[in-house]
Structures are given as C-alpha cells and as structure tokens.
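Undergrad: Right, I'll just put the structure down here and ask away after.
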Amino acid sequence: MAAFCPPPFPRTRGRRTRGRVAALLPVLLLGGALLLAWPKAEGRAQSTSAGSSEASEAFADALSLYRERLYGAAQEAFADFRDAFPHHARAPEALFYEARASLALENSAAAMRRLEQLQAAYPMHPLAERAQLRLGRYFFEQEANERARRTLRRVLEDAGPERAAEARFLLGRLAQRQGRPADALEQSRTVSQQYPDAAAAPRALYQVASVHLQQGRTAEAADALERLAQRYPAAPQASSLGLALAEVYFDLGRHGDVLRELDQQRGTLEARSERARASFLRAEALRRQGGRRSEAAAAYQRYLERFSESPDARAARYGMALLRYRQADYPRAAALFARVAEAAPDSGHATGTDADVRERAAYLAAVSRAEAGEPGAAAEGFAAFAERFPESPRRPDAQYRRGRALLAAGRPAEAARVLGRVTAEAPDGFEQRAAARYVRSRALQQAGGRDADALAALDEALAAGLPAELAAQARFEQGQLLLRAGRPAEAADAFAAYRRQAPEGERVAEALYRAAEARYRTGAFAEAARGYQRYLREYPEGSYAEAARYGLAWAAFQQENYDRAARRFERFLATPGAEEGTYRSDALLRLGDSYYARRRFAEAERAYARASREGTRDARDYALYQTGQARTRTDDAEGAIAAWQRLVNDFPESELREEARFQIGQARFQAERYDAAVRAWRALLESSNASGALAAKAQYSIGDALYNAGRREAAARAYRAVLEDYPESAFASDAARGVALATGGDGGSDDTLDELGADAAAEVRFRRAETQYQRGQTDAARQAFQEFVRTSTRGDLLPQAYYYLGTIYAEKGEYREAEGYLRQVLREYPDSDRRTDAAGRLGALYLQQDAPQRALDAYEQMQERAPADDDGRVQARAQYGQGRALAALDRPANAEARFREATERAPSGAPVAQEARVARAGLYESTGRPGEAQALYRRVAEESRGAAGAEALYRLGALLLEQDRPEDAIEELRRLPDLFAGFPDWIARSLLIQARAFRAAGRPAQARRTYDRLQDEFAGTEEARTARREQEQL
C-alpha cells in the first residue's frame, strides 16, 4: 500500500504590524484562508442562588457528564433535571446544555428543537440569544448554508451589538462562500461601520480586503488593510502586514513567489517576530515546492537555531518530521513526530493551532510506525491518539489504522473488535468505512471459526462501495468464503467478478480455476470442464494445472462419460510430477471405476491393483473392495472373496469393512453355499459397526438364503426379524412378501403383516405405497394409499398419505379430487409437517384452474403455517405464490411487493429468489416498464445457472425481439445452450425465438438452419412442430 500522504500544515502568524501595505498587494485571490478562526463560545454554568440542594446536585451531575464529553448521558441528565424541576432558575441553562449536547452528537434537529424551546419559554434570558448564534455558527461550519442563513437572520431580529456583529460577519462569510461578493461586502462593511468596537470588527475589515482581492480591486483591498492596521493594531488579523504579500502567496500555494517576495523583503524586517516568521515561511515554501528537501531541511535547522522559542517552532519541527516522512525515513519521522506531539505548548502561540499541530504529529507518529514495519508500536500509537484526542476528526481513521496494525501484528481477534467499533461508531461520511469492513472481514477470517461473520462483513464492504483496488480482492475473498460456506454457485459468480474487475490481477489465474471448481460443486460439470480447459489453455504451467487436469477428468466421470473420463485420468497420471502428486491415489481409483463402468473389468482390476500398490493407505481399502467387485464380474468368486477378506483383516477401521463382509456372504450365496452365506451375514450383524440399512439388508438376505436352502420356517423367522427390527427400511415390504411365501402364501396377501401388529403393518403398507409412487407406478400407488387411509389409524402417516393422493390426482388433472385430499390435510392435521406443502400445492392447483383469489388464500395460509424453524424458504415460496396470484388478480403493485419480499426473505442460494425476480421482470413487461424488465432478466441470467436463469435469458431475448431489436435478441439467445445445457425445454424455446429473430433481421438462411436444428434436436416437441409450420412459410 502506498505511503500515507499527510495533509499540509496550517499557516500561523506573528504579532507585529507595519504601516504601508498598498505597495505589497498585487491582484491576488486572498480567499477565506486569510480569515483566522473566530473565538469559540464556551458554555459556562450560571450560578443559581435558589433551589434545593437536590436540584443543585442534579444539575451539577449533569454538567459533570457534559464536561466529561459523555454527551448522550448528559443529554438525558439535563432532560431529567428539567422534568424534575421545571421552574428552577437553572432550567434555561439545562435546555441550553441539552442543545449543546445534541450538537456534539451531530443531532442538529434535536438541538434546533431545544433552542427553539429555550427562545419560546425564556425569550429574555441571555442564553436564548447566545444559543441561537451558536446554532447558526454550527450550521455554517457544517456547510448547511441555507439553514445557517435562516438562523443567523433570526439572531439579527433581537440581538445585542456584539452578537449582531458576529451574525453579520458570518452572513458575510456565507455570501462569500456562495459566490455573492456584493452581499459579502455589505454585511462586512455594516459590521465595521455600525459595530466598530465588537470583537468581529477586525475580522470583518479583513474580510472586506479578502473580497476586494478576489474581485481584483487591489487599491480597495489595501485601504481596508490600512484601516485594519490603524484601528486594531493588536488584533491577530493586523499581525505581520509587512509580510502580507508573502502570506498571500503562501495561502495560494505559489511557493516560488513566496521565496521571491521574502528575498525582496530581506533586510527590511525590523522586528524579531517578523524575521522569525519570514524564516519559517522560507523553510515551509522550500519543503512544499518539491525537489528542494535538502534546502528545506537546512532552512528549518537555521530557524530552530535562531528562533527556537518563536510561535512557529513546533510547526518547524513538524515540517522537519514531514521531510523525513516523505523521504521514507519512517523510523526517524516517527521519533520526530512523537517529539512534536509530546512537547509542551509553545508559549504565546494560539492554543488552537498549537493543539492541532500536536494532534497531527501524534497521528503521523503512529502512521510512521506502521510504515516502518512496526505494527505493534503503531497499534499502541493509534490507541494512545484515540484516547488523547477523543474529539479529533482523525479519530475514526486512527481507529481504522489501529485495526489494520493489530491485524499485521498477528492479533486478529483484537483487530476485529476495534474495526467493528469503527464501522458502528464512525460518523456519516467516514470515507474508510467500507475499507474498515473489508479489513474486519480479513481479521475475522484469520481469527478462525468466524467465516459467517467474515462473509457478512465482506458483503457490507462491497455494498458500501470499496475502492477499485480493494473491490476486486474482496470479490476473490468472497468467493473463497462462499466456497467454504457451501454456496458454490455464488462463489463462482464472485470469482468471475474478480476476473472482470482485475483482468491483470495477480490472482486472475487462480480465480479462473476456483470458478471452475465452484461450478463443479454445483453439479454444472460441462461448465466446470470448460473452465478447467480454459485454465489449461491459458496457464499450462500454472500452479493449478495438475488440479485442473484432475478436475477435468472428474467432470467427465460425473457426466457418466466414462470413456472420456478414463482417457483423461490416464493422461493425468502420465503427466510429469503426477507420480508424487496429491491426486494420484484418487485418480487411480477413478480410472478403475471408469473401466468398471464400461465393463472392462480386467483393466479395472489392473487400475485397482496399481492403486493398492502405489496409492496411499486411505485408498487401498476401496481398491480392495472394488477389486472384489471386478472379480465377481469375471466369475472369479474366490478371488473376490480373497480381496474382501483381506480388506476385513487389514483395515479394521475402514468404512467399507462391513460392506465387504456382506459381499463375502453374497458371493457365497451366488455360489449356492447358503450356510456359509448365512454365517457371513450373521457375523456382520454381530458387528457393532453395521449400519441400520446394511443390517436390514443382511437380515433380509439371511431369509433369502434360508428360503433357498429349503428351510422355510427359519426363513420366515428371518423375514419377520426384518419387519420387527427394521420396519422403516426399504426391505420391509419385500420381507412381508417373504413371510407369506415362506409360510405357504402367494406373497400378495397382507395377512402375514397383521401378525406384526397394527403399527408395524401400517408402516409397511405406507412405505410400499410410497415406493410405488416414487417408481412412477401412480395408479398402483393411488390404490395403495386409498386402501391405507381406509384402514389405518396412524396419525403421523395419514396426512402424508392424503398429501400423496392430492398430488397424484393433481398430476392426473383431476383437480376436484386433488383439492379434497389437500384440504383434508389442512383441515384435519394442522400440526402435520405436510401442512405447508399441502397449502402450496393447493395454491398451485388454483392458479392452474384460473382461480387466483383462492390461490392467494392458500398461499397466505401456507405462510401462516410455516414452521418455526423455517430458514426463510417456506415463507419466500409462499410470498412468491402470493405474488403470482396478485398478478393474476391484476394487482401489479401488490404483486411486485410480494415478489420483492420473497427475494429478500429467501436464504442465499435458494432458487425461489431468482424465480421471484423473473416473475417481477414479467410484471414489468406487462405494465409497460421494459427497461426495468431487461435489467432484471439480465441480472438473473448472470447470477443463476438454474431453471430461473434459463427462463430469464429466454424471456430477455423474446422481449428484445418484441422491441424490434432482432440482432440483440440473437446475441443474447445464442448463449443459452452453452450456459444452460441442462434445460432442454428452454433451449428449444430459445431456438424458436432465435429463428424468428433471424427472419426479422432479414437473414433467412440462418433462420432455416435454426429451424432445422430445432426439428433435429427436439423432434416431437411442440416447438419443433411450430418450427416446421413457420419454416414452410419462408
């Protein structure tokens, strides 16, 4: 990060006056910088001669809080005092201090109310007039120009000479600031003429000269300055008029002219104070000219040797420190700044200016420590600064830099706490707020275990508008955090944003790889493969080349393109360095799996053997297990058993050990060695590591082995054990059939289930119907569920059965029956987990029937019945449904509100958020807001890789064509097949719109090719039939 560049040091002045100034004043802009700060009105508690000791103590306590700068507490204490003692003599003072506390808290509205209350309740009290003037000055300083003008004019309505003069002076400065020189002169002249004895009079004369110089009227300015020198020789504004021109040049930043003027004045300055001031101005001008640092250092040294007790001595030491700072000599700069900050105030010097120098020096001492690579010392320096100067405008920045220093010092938890306070407490307009949130995010990451907080801070930083150089890096870190949080789709978008924002960034290659990795984790394997391939093309020797080759092979494997996967795993394993790489063991296993899936079992076995020999121990148990599987496919049962037995013996902690035991039994079973199979499976059941599903499978298989061995009675007992011990398993229904067969039945009767007891039998019947539905046997499932609801009393299963029946009838288009079953869930089982599903299904049913009001009622019921632990998905889905119903009811404003609420309510990554955006964009289309619709469609198409993204891109193209922009429509729709390969319906629709766009653009050949493609790739669809009809019209 570039070295911090400190602000320039403010000018100070000497104390003596010389007579003639006209000859020294050319046509210059003097500006507001010539006006020194006017005295601040300091509150002073007024004494009271009456009142109880209780009231006095309460007022004193409130005043103590105010003086300790605990403004919030003081505000409350003064309010409590007024409530308790409304007629006390100090009640006006309490109102006044309450207003001042509000101003200190930057709550000008509250301050205004209190001051108005003070003026209304106590119009004759001296504080009423004083308060109004203070408020006017506050608005002026805050550049709230119109409020300042109104307030100051109210002061003039009933003010004494001193405050009237001050108000007019401020009105003059305000006019000068706003570019109204005539009004500025009128106000300033009025002060000097009508209130010549007021404290503001010399400042007003000085302002007259300033305005004249801005207008190029040198003679008039000189006259004003001479009158100032004659009338007010002791005023600060009359000081050093012998150096007036040099001072003017200095204020205007014309440092070469300063040096020339000082050379002309050499020998003419009689007073020691003027010579000291001239010496100081020379050193300052040399430093600020740039390129003359050695001369400036010598000039400062001469000044300090000759005038070490002068008012500008501290400023000279500050200048020396700045020279060291800008020479990047940070250790010496830090030491010099520290000396300036800690030295006692210069005698005779203006207290405010001296305090400002010490404040700046203390701040820059800490900055220098940070630049010198001493973060611990820098953190201490910033902490000391914040404590020493609690009202400094640099305090928020000091706390921000303290947080950065703590992080650099390896103290992330402290850094996070400090930066958290900065973001919460810094005033509005603090420029580093976004950066503070970003650095806090990094601190939270380093502190460990706080990724969620880090991600939230990072999101806030990006939303607040980080500088470009930080925004790109923040996007990269956002991607990393999102990946760790299990939100890969958003992570991929973040990495892509980093690449767009920093195409030459140092992590652009890694971002390309990470984006591909994130796409892989979302299941977008084709898109991930393209990302890996691009990485390998652009960075063939990059740090992630090995991982990209590995990911490329895995993507093919996940797409079940096993031939390509095998080639890629072979290529990966042949890459130099892969023999020692991180991914070698897994690549060998996946190579074997690829051959296994292609039924090339001998090659698979060789790959598994390599993994067993060359891979890590963690890979060998899987290699042995798969070796057994491959051998069974080549009828080498004994070889398979040997591999599995070796796994059981050599890997007692393996997760595959019990599965290998089961497979040993299965191999014995296939060889018709039923007793041996039963022994193997019983050994498995006796193992404490057997899972419920595997145990149920083993128990059921024991029944099969005994049945095949002709031991029907034992087989029936084994099957019953499944029903008794594992009634919810996938084998329960088949076990019931097995009992029937083993006891002489035909396997189709439920008589044997009744032997299990009513609850267990009901469970088996329900699971059997559920399995039929999941297998697509809807008629059989419908009959089974109907039989179940007629005969069962299981309160936990009945609502699920009714829901399934409602769903089956809805899918068949028999809406009346579907409605009855779904309403039965809502009416009779209000506490069922299926209640929200039933309400949502009912809402969709009503929308299909063009009954939007009933749909709205159903979706509202869905929202009301959302579970207490809902993460927002159910609520968002309900609000999305409400929006669709409201849109159908022609209530677009209400519909838009619901869609927005759904988007905001949905948890990150939930599809319903993007679906709601698409619906809102459609609403914009229908209400004549195409620009907003386009923007929203584009956003969803960029952010979502799901169905909503595909629909958004399709609708964007259709909208552009409707707006007679066929080329734009073609450009957008061309992207859809690549970005959304998994959504053929939307691809087909987009091709149809694309063909129409080609026709509208006068490109019939491309239109024909697109129609042909649509009919070839999507034959039999409605889009293909429409394409054929439209093509015939060409």
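The values are calculated or read from the model by the stated rules, or taken from the named source; none is laboratory data. It should be emphasised that the depicted structure is a prediction, and the values quoted were computed from it without experimental measurement. Here Cβ is always computed from backbone atoms with ideal geometry, including for glycine, and neighbour counts include all displayed protein chains.
Undergrad: Name the residue, out of Arg568, Arg564, Arg534, that is within 30 Å of Ala471 (Cβ to Cβ), in contact with a helix residue (DSSP H, G or I) (Cβ under 9 Å, 6 or more places away or on another chain) and in a helix (DSSP H, G or I).
TA: On inspection, the qualifying residue turns out to be Arg534.
Undergrad: Here's a follow-up. Answer yes if at least one residue in segment 848-855 is surrounded by 16 or more Cβ atoms within 10 Å (Cβ to Cβ), touching a residue at least 24 places away in the same chain (Cβ under 8 Å) and closer than 21 Å to Arg877 by Cα, and no otherwise.
TA: Yes; the residues of segment 848-855 include at least one that is surrounded by 16 or more Cβ atoms within 10 Å (Cβ to Cβ), touching a residue at least 24 places away in the same chain (Cβ under 8 Å) and closer than 21 Å to Arg877 by Cα.
Undergrad: Right, another one. List the number of the failed condition for Arg440; all other conditions in (1) within 27 Å of Gln142 (Cα to Cα); (2) in contact (Cβ under 8 Å) with a residue 24 or more places away in the chain; (3) assigned to a helix (DSSP H, G or I); (4) of a type in the set (D, E, K, R) hold.
TA: The failed condition is (1).
Undergrad: Show the residue pairs that are 6+ apart or on different chains and have beta-carbon atoms under 6 Å apart, the first residue being within segment 722-736 and surrounded by 19 or more Cβ atoms within 10 Å (Cβ to Cβ), the second being assigned to a loop (DSSP other than H, G, I, E, B).
TA: Listed by first residue and then by second, the contacts come to Val722/Phe731; Leu723/Leu756.
Undergrad: Please work out which one of (1) under 43 Å from the mean Cα position of the chain (by Cα); (2) buried (at least 19 other Cβ atoms within 10 Å of the Cβ); (3) not in a loop (DSSP other than H, G, I, E, B) is the condition Ala844 fails and give its number.
TA: (2)
Undergrad: Which number in (1) at pLDDT 90 or above; (2) under 30 Å from Gly319 (Cα atoms) marks the one condition that Pro412 misses?
TA: Every listed condition holds for Pro412 apart from (2).
Undergrad: Given the criterion at pLDDT 90 or above and either within 15 Å of Tyr937 (Cα to Cα) or aliphatic (A, V, I, L, M) (or both), identify the matching residue among Leu979, Leu992.
TA: Leu992
Undergrad: If I go through segment 713-764 residue by residue, how many of them are part of a loop (DSSP other than H, G, I, E, B) and modelled with pLDDT of 70 or more?
TA: Residues in segment 713-764 being part of a loop (DSSP other than H, G, I, E, B) and modelled with pLDDT of 70 or more: 7 in total.
Undergrad: So which of Gly551, Gly542, Gly531 is crowded, with 22+ Cβ neighbours inside 10 Å and over 18 Å from Leu591 (Cα atoms)?
TA: Gly531
Undergrad: Out of segment 874-896, which residues are surrounded by fewer than 18 Cβ atoms within 10 Å (Cβ to Cβ) and touching a residue at least 12 places away in the same chain (Cβ under 8 Å)?
TA: Ala888, Leu889, Pro892
Undergrad: While we're on this one: For residues in segment 801-837 being free of Cβ contacts under 8 Å to residues at least 12 places away in the same chain and basic (Lys, Arg), which is farthest from Tyr773 (Cα to Cα)?
TA: Among those residues, the one meeting the criterion is Arg827.
Undergrad: Check every one of the helices (runs of 4 or more DSSP H) wholly within segment 112-186 and list those with 2 or more residues that are buried (at least 18 other Cβ atoms within 10 Å of the Cβ) and in contact with a Pro (Cβ under 8 Å, 6 or more places away or on another chain).
TA: Hits in segment 112-186: 126-141.
Undergrad: Any residue at all in segment 658-681 that's part of a loop (DSSP other than H, G, I, E, B), surrounded by fewer than 20 Cβ atoms within 10 Å (Cβ to Cβ), among the small types (Gly, Ala, Ser) and in contact with an Asp or Glu (Cβ under 7 Å, 6 or more places away or on another chain)?
TA: no
Undergrad: Would you check which residues across segment 363-392 are more than 17 Å from Pro412 (Cβ to Cβ), of a type in the set (A, V, I, L, M) and without any contact (Cβ under 8 Å) to a residue 60 or more places away in the chain and list them?
TA: Ala365, Ala366, Ala372, Ala377, Ala384, Ala386
Here is a yes/no grid of residues against (1) surrounded by fewer than 22 Cβ atoms within 10 Å (Cβ to Cβ); (2) in contact with an Asp or Glu (Cβ under 6 Å, 6 or more places away or on another chain); (3) closer than 22 Å to Ala355 by Cα; (4) of a type in the set (Phe, Trp, Tyr):
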residue	(1), (2), (3), (4)
Phe280	no, yes, yes, yes
Ala285	no, no, no, no
Gly291	yes, no, no, no
Glu295	yes, no, no, no
Arg302	yes, no, no, no
Phe307	yes, no, yes, yes
Arg314	no, yes, yes, no
Met320	no, no, yes, no
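Undergrad: Let me ask another. Quick test of your reading of the structure: Gly922 fulfils all but one of (1) closer than 26 Å to Ala524 by Cα; (2) small (Gly, Ala, Ser); (3) surrounded by fewer than 23 Cβ atoms within 10 Å (Cβ to Cβ); (4) touching a Lys or Arg at 6+ places or on another chain (Cβ under 8 Å). Name the failing condition by number.
TA: Going through the list (1) closer than 26 Å to Ala524 by Cα; (2) small (Gly, Ala, Ser); (3) surrounded by fewer than 23 Cβ atoms within 10 Å (Cβ to Cβ); (4) touching a Lys or Arg at 6+ places or on another chain (Cβ under 8 Å), Gly922 breaks only (1).
Undergrad: Here's a follow-up. Restricting attention to segment 847-863, which residues are of a type in the set (A, V, I, L, M, F, W, C) and more than 33 Å from the chain's Cα centre (by Cα)?
TA: Passing the criteria: Leu847, Ala851, Ala855, Leu856, Ala858.
Undergrad: Provide a single number: the residues in segment 454-487 that are under 10 Å from the mean Cα position of the chain (by Cα), more than 24 Å from Arg519 (Cβ to Cβ) and of a type in the set (D, E, K, R).
TA: Residues that pass the stated criteria total 1.
Okay, residues lined up against (1) within 16 Å of Ala637 (Cα to Cα); (2) modelled with pLDDT of 90 or more:
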site: Glu655; (1), (2): no, no
site: Phe662; (1), (2): yes, yes
site: Ala667; (1), (2): yes, yes
site: Arg682; (1), (2): no, yes
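Undergrad: Something else: Just one of (1) buried (at least 24 other Cβ atoms within 10 Å of the Cβ); (2) modelled with pLDDT under 90 trips up Ser392, so point out which.
TA: All conditions pass for Ser392, except number (1).
Undergrad: Can you name every residue in segment 891-939 that is among the acidic types (Asp, Glu) and either outside any helix (DSSP H, G or I) or within 27 Å of Arg965 (Cβ to Cβ) (or both)?
TA: Hits for segment 891-939 are Glu896, Glu915, Glu925, Glu932.
Undergrad: Please enumerate the residues belonging to segment 364-388 that are buried (at least 24 other Cβ atoms within 10 Å of the Cβ), closer than 11 Å to Gln399 by Cα and among the charged types (D, E, K, R).
TA: None - no residue of segment 364-388 is buried (at least 24 other Cβ atoms within 10 Å of the Cβ), closer than 11 Å to Gln399 by Cα and among the charged types (D, E, K, R), so the list stays empty.
Undergrad: So Thr927 ticks every box in (1) buried (at least 18 other Cβ atoms within 10 Å of the Cβ); (2) of a type in the set (Ser, Thr, Tyr); (3) closer than 29 Å to Ala969 by Cα but one. Which box is left unticked?
TA: Only one criterion in (1) buried (at least 18 other Cβ atoms within 10 Å of the Cβ); (2) of a type in the set (Ser, Thr, Tyr); (3) closer than 29 Å to Ala969 by Cα is unmet by Thr927, namely (1).
Undergrad: Quick check: is even one residue across segment 424-433 assigned to a helix (DSSP H, G or I), modelled with pLDDT under 90 and buried (at least 23 other Cβ atoms within 10 Å of the Cβ)?
TA: No: zero hits.
Undergrad: For Gln772, are the conditions met, namely being part of a helix (DSSP H, G or I), touching a helix residue (DSSP H, G or I) at 6+ places or on another chain (Cβ under 8 Å), modelled with pLDDT under 90 and surrounded by fewer than 19 Cβ atoms within 10 Å (Cβ to Cβ)?
TA: No.
Undergrad: Right, something else. Looking at (1) in a helix (DSSP H, G or I); (2) within 20 Å of Asp354 (Cβ to Cβ); (3) small (Gly, Ala, Ser), which one does Ala334 not meet, given that it meets all the others?
TA: It fails just one condition, (2).
Undergrad: Report whether or not Glu638 is surrounded by fewer than 20 Cβ atoms within 10 Å (Cβ to Cβ) and under 55 Å from the mean Cα position of the chain (by Cα).
TA: When the stated conditions are applied, Glu638 does not pass them.
Undergrad: On to the next question. Evaluate segment 782-793: report whether one residue or more is hydroxyl-bearing (Ser, Thr, Tyr), under 17 Å from Arg835 (Cβ atoms) and part of a helix (DSSP H, G or I).
TA: no
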